[in-house]
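**Q** Submitted below is the structure of interest, expressed as structure tokens.
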Amino acid sequence: MFSGNFSMNKILVVSALSAALLLTGCQSVHTTSGGAVGVERTQYMFSMLSAQEVDQMYAQSYQKTVGEASNKGVLDKTSNEARRVQVIADRLIAQAPNFRPDAAQWKWEVNLIKSDELNANCGPGGKIIFYTGLIDTLKLTDDEIAAIMGHEIAHALREHGREAMSRAYGIEMAKQGAGALLGLGQDTMALADTVANYGMTLPNSRANENEADLIGLELAARAGYNPNAAITLWNKMSKVSEGAPPEFMSTHPASSSRIAALQAAIPKVMPLYEQAKKS
């Protein structure tokens, strides 16, 4: 039986190989401008995985989801709530080019699905889905809907999906290479998975969530929605998410951390909100 130190050395080699492959196969990408909130982190994407390819892959999945909702009679295109969501989306989408000009040419879509699910997303290329459960359960105001939707749009603008795919691909390549090179057993490789998950993947995911919060805050302010709604939103979310895993084991920041970061950023975007209200 190998000693613990020897096993840990193997895991460290896996992590080192992961980092090397990520750096070798990736290129630095500037997806968005920093904006008033100052999101400036350099991103790395696998050069073999283009934004266009990711957009096409997601568009197929999106259309499948929308089609299934339509077949089940839960795709809402005509209600007052659907029109409300569309108006808010249109105002936010109009501000997206402030962060990346090419977003003006994206094929944006917005769909509302009748479901108790507390969820919303905006996939690569500007494909938005909102669920009525989120609106109804939290009794969201227009400003709070804008806070959520701005956050989701920010994920698409920053290409966080492609970034996560690039990272996962690099780690998988490293695992396969290390397993062959070092003869790692299944138990050791499983432990390496845990190290990679908590040491690399989750912290980066939390960073992405923080970026989406900040850019979403600015998008909403530029669109004329009160940025303070982000605070009331997450106060509501914290009440319905009791029992969630601790922050260090979650891809989403704890509500207290999230609220503190948003409160610190609100003064940066408040002038944009005030200007939008005048126009």
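Bear in mind these aren't lab numbers, they're just calculated from the coordinates by the rules spelled out. Values in this document were obtained by computation on a predicted structure and should not be read as measured data. Cβ sites come from the backbone with ideal geometry, for glycine too, and all protein chains shown count toward neighbours.
**Q** For Q63, what charge total do you get from the other residues with a beta carbon under 13 Å from its beta carbon, if Lys and Arg give +1 and Asp and Glu give -1?
**A** Working: positive: K64, K107, K127; negative: D55, E68, E109.
In short, 0.
**Q** Suppose R0 equals 41 Å. What FRET efficiency, 1/(1 + (r/R0)^6) with r the Cβ-Cβ distance, do S47 and S257 give to the nearest 0.05?
**A** Values: r = 34 Å, r/R0 = 0.82.
Once rounded, the FRET efficiency stands at 0.75.
**Q** Which three extents, in angstrom, do the Cα atoms of the range 35-77 have along their principal axes, listed largest first?
**A** Dimensions of the range 35-77 along the principal axes of its Cα atoms: 43, 31, 10 Å.
**Q** Another question about this same structure. If you stretched the chain out fully between A168 and D116, how much longer would it get, using 0.36 nm times the residue separation minus the C-alpha to C-alpha distance?
**A** On the way: separation 52, 0.36 × 52 = 18.72 nm, distance 3.08 nm.
15.6 nm is the gain from fully extending A168 to D116.
**Q** May I ask you to sort E218, E274 by Cβ crowding, counting other Cβ atoms within 10 Å and putting the fewest first? Walk me through the intermediate numbers first.
**A** Working: E218 26, E274 11.
So the residues, fewest neighbours to most, are E274, E218.
**Q** Still on this structure, please answer the following. Could you derive backbone 3J(HN,Hα) for the range 147-157 from the dihedral phi with the Karplus parameters 6.51, -1.76 and 1.60 (θ = phi - 60°), listing whole Hz in sequence and x where the residue is Gly or Pro?
**A** Rounded to whole hertz, the list is 5, 5, 5, x, 4, 5, 4, 4, 4, 5, 4.
**Q** List residues of the range 110-130, by number, whose backbone nitrogen lies under 12 Å from a label position 7 Å along Cα→C-beta of V240.
**A** 115-120, by backbone N distance to the label point.
**Q** By per-residue mean of other Cβ atoms within 10 Å, what is the highest-first order of 259-267, 142-150? The partial results should precede the final answer.
**A** Details: 259-267: 16.2, 142-150: 25.2.
Peptide ranking by packing, descending: 142-150, 259-267.
**Q** By counting other Cβ atoms within 10 Å of each Cβ, how are S166, S205, S61 ranked from fewest to most?
**A** On the way: S166 24, S205 19, S61 12.
Ascending Cβ contact count within 10 Å gives the list S61, S205, S166.
**Q** May I ask you to list the trypsin sites (Lys or Arg not before Pro) in the range 59-154 that are in a DSSP loop and have at most 14 other Cβ atoms within 10 Å of their Cβ? Don't skip to the answer; put the middle values down first.
**A** On the way: sites: K64, K72, K77, R83, R84, R91, K107, K114, K127, K139; in loops: K72, K77, K107, K114, K139.
Counting only loop positions with at most 14 other Cβ atoms within 10 Å, the trypsin sites (Lys or Arg not before Pro) in the range 59-154 are K72, K77, K107, K139.
**Q** Also: Please arrange L75, L92 by how many other C-beta atoms lie within 10 Å of their C-beta, fewest to most.
**A** Numbers: L75 19, L92 27.
In order of increasing Cβ crowding within 10 Å: L75, L92.
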